[in-house]
1. Limited to the range 126-140, what total is found for residues that are in contact (Cβ under 8 Å) with a residue 12 or more places away in the chain and closer than 21 Å to residue 102 by Cα?
2. Name, by its number, the condition in (1) farther than 30 Å from residue 61 by Cα; (2) of a type outside the set (D, E, K, R); (3) under 16 Å from the mean Cα position of the chain (by Cα); (4) buried (at least 16 other Cβ atoms within 10 Å of the Cβ) that does not hold for residue 129.
3. Which one of these is small (Gly, Ala, Ser), surrounded by 14 or more Cβ atoms within 10 Å (Cβ to Cβ) and either touching a Lys or Arg at 6+ places or on another chain (Cβ under 7 Å) or modelled with pLDDT under 80 (or both): 3, 35, 88?
4. Only residues that are over 17 Å from residue 81 (Cβ atoms) and surrounded by 14 or more Cβ atoms within 10 Å (Cβ to Cβ): list them for the range 100-126, please.
5. Only residues that are in a loop (DSSP other than H, G, I, E, B) and surrounded by 14 or more Cβ atoms within 10 Å (Cβ to Cβ): list them for the range 136-151, please.
6. Give the number of residues within the range 84-119 that are of a type outside the set (Val, Ile, Thr) and within 16 Å of residue 59 (Cα to Cα).
7. Please go through the range 95-109 and give me each residue that is small (Gly, Ala, Ser) and within 9 Å of residue 72 (Cα to Cα), ordered by number.
Amino acid sequence: MNSANRARLAMCAAVLVLAGCQSGAHRTEPGSHTSGTAASSAGHKTVTASEADGGHTITVAIGDDVAVVLHSTYWQLATLTGGVLQASGPAAVAPATPKSCVPGQGCGTVTQTFRAKAGGRALITASRTSCGEAMRCTGSNGSYHLTVVVG
């Protein structure tokens, strides 16, 4: 194989690697909104919130679920609920498939589901210190908060 063919092959491989990394990592554009609502068979709904919902307030009814899905495995979730929300178990970490992301980038998700147990207000928070391979988070990139009103 001559050097021109090797160069073309290397360039194609680089494009495929970059495309795979991009598809495995969620990028939230400013102003986008990704929360959603799904009804369960019991008549309660599940509201899903992500990075786009950070800093906002959502309202749910008693018995509804709030699923927080953050798109980096570096997030650590916490909640200050005062008995308003109850975690439905530990946070679930789902790394991206091995070939879709460069190791060390934190590609994947952290998901925590909470059940609305009583009326009131709760604050769900998350933090991270790493925003990618050897990249320390700066400014608000390392923090997340969502206010949940149960009424």
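1. Result for the range 126-140: 7.
2. (4)
3. Exactly one residue qualifies, and that residue is 35.
4. 100, 101, 102, 105, 106, 107, 108, 109, 110, 111
5. Residue satisfying the conditions is 137 alone.
6. Count: 8.
7. Of everything in the range 95-109, those that are small (Gly, Ala, Ser) and within 9 Å of residue 72 (Cα to Cα) turn out to be 106, 108.
The values are calculated or read from the model by the stated rules, or taken from the named source; none is laboratory data. Values in this document were obtained by computation on a predicted structure and should not be read as measured data. No Cβ is skipped: glycine too gets one built from the backbone with ideal geometry, and neighbour counts run over all protein chains shown.
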